[in-house]
Amino acid sequence: MSKLNVLVCGSTGYIGLQLIKILKNHKKIFIKYLCGNSSVGKKISHFDKSIKDNNLPKITKFNIKYLKDVDIVFTALPNGESQKIANYLLKNNLLIDLSADFRLKNPNDYYKWYKLKHQAKHLIKKSIYSLPELKKDKIIQHKIISSPGCYPTSILIPLAPLIKNNLILNSNIIIDSKSGYSGAGRGVHKKYKNKNLYESLSAYGVGIHRHNSEIQQELDFYTKKKNKFDFTPHLSPMFRGILTTIYVDLKKGINISKVHKYLTNFYNNSNFIKIKKPNTFLSTNDVINTNNCHISVCNSKNKHKLIILSVIDNLIKGGGGQAVQSMNIHYGFRENEGFIN
């Protein structure tokens, strides 16, 4: 099979750069176009010196005409922009979107949480919320792949299977997540100019963070239940990584051993999900620069409760890496093709 031609829109952002690194290492991919509005004519190495420019195009402004030359379009753009491109997709194009544009199945929910009117409502039904470990058998059926948000990825992977299979209660779930500041994008220093990002820990979006919407949607869809949880994100004084701590109530007759055994069996054939020994303390350092998610189930001082730890790299498993993983599944490539680790 000849290589697939790829276009990356939003190539100079933190996630876009990670995406390029993985695609550049992919044996089945040729990067045909790198697009960005404010960096036209520059080499990608201007933004990340670790990326070698050989065989990579200079950055150009997106042109609809490019679509006829490519098989895959990756969009790592601000919310609202991928919808515009989606309206011009050709039959041979696969769109893999890393924004929130196709994550929510109800356009009214999209407006509620993002304050934007959806400009491609007719295409939502053709898209899939692509968390590979939970949607693997359905990814091939869709031409628009919506890659999940970073926080939901760290939450849904450990939580959804446990609720679906009645090991934990689906109410009174408390989710505490701490992310590196790269999750806020290149504009993070302007957005949080009054905070010392390098020496302080900040709660934000308490009760109203946008990712509540996709966590709720996907938990309810996957488990066929109406689930109740509280989610609070925090901005941590580190560049990358997410550590999520989830507090749950155990179902009667369930203990830590049963939960650990179930998760181990559930993810036994996964390339990227690593279930650690019970009561293992996790660090974001365990997963940085990988597409892995490490999970540890821990005892609480209350025997009827359990504490679940989950760590990912927000720019890879929570961003560009997961998008490539979905692409690999869609085309029948090795799921870990392109990944060094």
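Contact map, the range 214-227: first residue in a helix (DSSP H, G or I), second residue among the acidic types (Asp, Glu) and modelled with pLDDT of 95 or more, Cβ cut-off under 8 Å, separation 6 or more or different chains; pairs are Gln217/Asp109.
Counted as qualifying within the range 1-115 are the strands (runs of 3 or more DSSP E) with 1 or more residues that are under 19 Å from Pro152 (Cβ atoms), namely 72-75, 94-97.
Counting the residues of the range 48-101 that are in contact with a Lys or Arg (Cβ under 7 Å, 6 or more places away or on another chain) and of a type in the set (Val, Ile, Thr) gives 3.
Only one entry of Ile329, Ile340, Ile288, Ile307 meets the criterion of being in contact with a helix residue (DSSP H, G or I) (Cβ under 9 Å, 6 or more places away or on another chain), of a type in the set (Val, Ile, Thr) and more than 14 Å from His26 (Cβ to Cβ), and that entry is Ile288.
State whether one or more residues within the range 265-277 are β-branched (Val, Ile, Thr) and more than 16 Å from Cys293 (Cβ to Cβ). No, the range 265-277 contains no residue that is β-branched (Val, Ile, Thr) and more than 16 Å from Cys293 (Cβ to Cβ). Select from the range 245-260 the residues that are among the charged types (D, E, K, R) and assigned to a helix (DSSP H, G or I) and list them in ascending order. Within the range 245-260, just Lys258 meets the criteria. Taking the numbered list (1) buried (at least 24 other Cβ atoms within 10 Å of the Cβ); (2) farther than 23 Å from Lys228 by Cα; (3) at pLDDT 95 or above in turn, Gly183 passes all entries but (3). Residue check: Leu90 meets all listed conditions (1) in contact (Cβ under 8 Å) with a residue 60 or more places away in the chain; (2) surrounded by fewer than 20 Cβ atoms within 10 Å (Cβ to Cβ); (3) of a type outside the set (D, E, K, R) but one, namely (1).
If you scan the range 120-132, which residues turn out to be part of a helix (DSSP H, G or I) and either within 18 Å of Pro148 (Cα to Cα) or assigned by TED's automatic domain parsing to the domain that holds His209 (or both)? Result: Leu123, Ile124, Pro132.
Results for (1) assigned by TED's automatic domain parsing to the domain that holds Ser236; (2) without any contact (Cβ under 8 Å) to a residue 40 or more places away in the chain; (3) surrounded by fewer than 16 Cβ atoms within 10 Å (Cβ to Cβ), shown as yes or no for each residue.
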{"residue": "Phe74", "(1), (2), (3)": "no, no, no"}
{"residue": "His118", "(1), (2), (3)": "no, yes, no"}
{"residue": "Leu134", "(1), (2), (3)": "no, no, no"}
{"residue": "Lys143", "(1), (2), (3)": "no, no, no"}
{"residue": "Leu167", "(1), (2), (3)": "yes, no, no"}
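The values are calculated or read from the model by the stated rules, or taken from the named source; none is laboratory data. Since the model is a prediction, treat every value here as computed from it, not as a measurement. Counting neighbours? That spans all protein chains shown, and the Cβs are built from the backbone with ideal geometry, glycine included.
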